[in-house]
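Read through the structure below, which is laid out as structure tokens, and then see the notes.
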Amino acid sequence: MKHFAAIVFALGTLVSYAAAYTTIMRPTTQECYFERLKPGNHFSITFETAGKLPIDFSLNDAHRNPIYSMPHTGEGSYSYTSTGEGRYSYCFRNNAPHEIVVNFNPHGPEDEVFLASHDATPAENEVRKLSHNIEEVRDHFSFMLFRNEVHDQSVSDTQKRMFHWAILQVLALAGVCGWQIYYVRSLFKIRGVV
């Protein structure tokens, strides 16, 4: 039974990661991604950096005019309904002198169908909004799993270093004790006490 639960959990984790993208941003670089939108199409994105390190996020329209920007943030989400047709871009900029891992989930028009029907009943609209909220919760859960993996790896590396350092300390202590015993015995032998 435990093996079955582990297999189901592993498959669920893989499915949640299938929708997410991860990129490692080099120091002082910008990476842009594109989405083709038509008027009235809905687009949303959620993102998070490992360790909540700050990056700059911006969303630009087809003419490269800024629509939205979030400077110096470690996580965020934004939704937008396009007003014109074209190739919209969303960009991440790393101004830090070190690499930053960014995990993000974009939802384009094919994913964002909850606003598509204008003649829907109020119940159908609420179901669509609930579906969208569930997607956001799923995205946040995948971010939490990603963060947990990063922290688990960090803890594991720290424990390994502490173990090796403790072994080195034990060997050094044993060496110092052995040398002190040898030295004290040789002093007593020279004096003829032993």
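The values are calculated or read from the model by the stated rules, or taken from the named source; none is laboratory data. Keep in mind that this is a model prediction, so the values were computed, not measured. All Cβ positions, even for glycine, are placed from backbone atoms using ideal geometry, and neighbour counts span all protein chains on display. The accessibility values were calculated without ligands, DNA or RNA, using every heavy atom of the protein model including side chains. Shrake-Rupley method; radii C 1.70, N 1.55, O 1.52, S 1.80 Å.
Observations on the structure shown:
- Distance between modelled label sites at THR83 and ARG138, nm, 7 Å Cα→Cβ extension: 3.2 nm
- Of the residues ARG138, ARG128, ranked by 1.4 Å probe accessible area with the largest first, the sequence reads ARG138, ARG128.
- Distance (nanometres) between label positions extended 7 Å along Cα→Cβ at ASP56 and VAL155: 3.6 nm
- Per-residue Karplus couplings for segment 172-178, computed as 6.51 cos²θ - 1.76 cosθ + 1.60 with θ equal to phi - 60°, are listed in order as 5, 5, 5, x, 5, 4, x Hz, Gly and Pro entered as x.
- Ligands, DNA and RNA excluded, the heavy atoms of LYS52 present near 80 Å² of accessible surface to a 1.4 Å solvent probe.
- Ligands, DNA and RNA aside, LEU187 has an accessible area near 70 Å² when probed at 1.4 Å.
- Computed extension length for PHE163-ARG36: 40.5 nm, one decimal, from 0.36 nm per residue of separation with the Cα-Cα distance subtracted.
- Gain upon complete extension [ILE67, LEU130; 0.36 nm per residue less C-alpha separation]: 20.1 nm
- Residue-by-residue Karplus 3J(HN,Hα) for segment 82-92, coefficients 6.51, -1.76, 1.60, Hz, glycine and proline x: 5, 9, x, 8, x, 9, 7, 10, 10, 10, 10
- Accessible area in the full protein assembly, largest first, 1.4 Å probe, for ARG93, ARG191: ARG191, ARG93
- Each residue was assigned an accessible area with a 1.4 Å probe, and for VAL127 the value is about 90 Å².
- When LEU130, LEU53 are compared by accessible area at a 1.4 angstrom probe, the order from most to least is LEU130, LEU53.
- Listed values for segment 51-60 are Karplus-derived 3J(HN,Hα) couplings in whole Hz (6.51 cos²θ - 1.76 cosθ + 1.60, θ = phi - 60°), namely x, 6, 6, x, 9, 9, 10, 9, 10, 10, and x replaces Gly and Pro.
- Full-extension gain in nm, ARG191 to LEU145, via 0.36 nm per residue minus C-alpha separation: 9.7 nm
- Between the alpha-carbon centres of segment 147-194 and segment 51-80 there is a gap of 51 Å.
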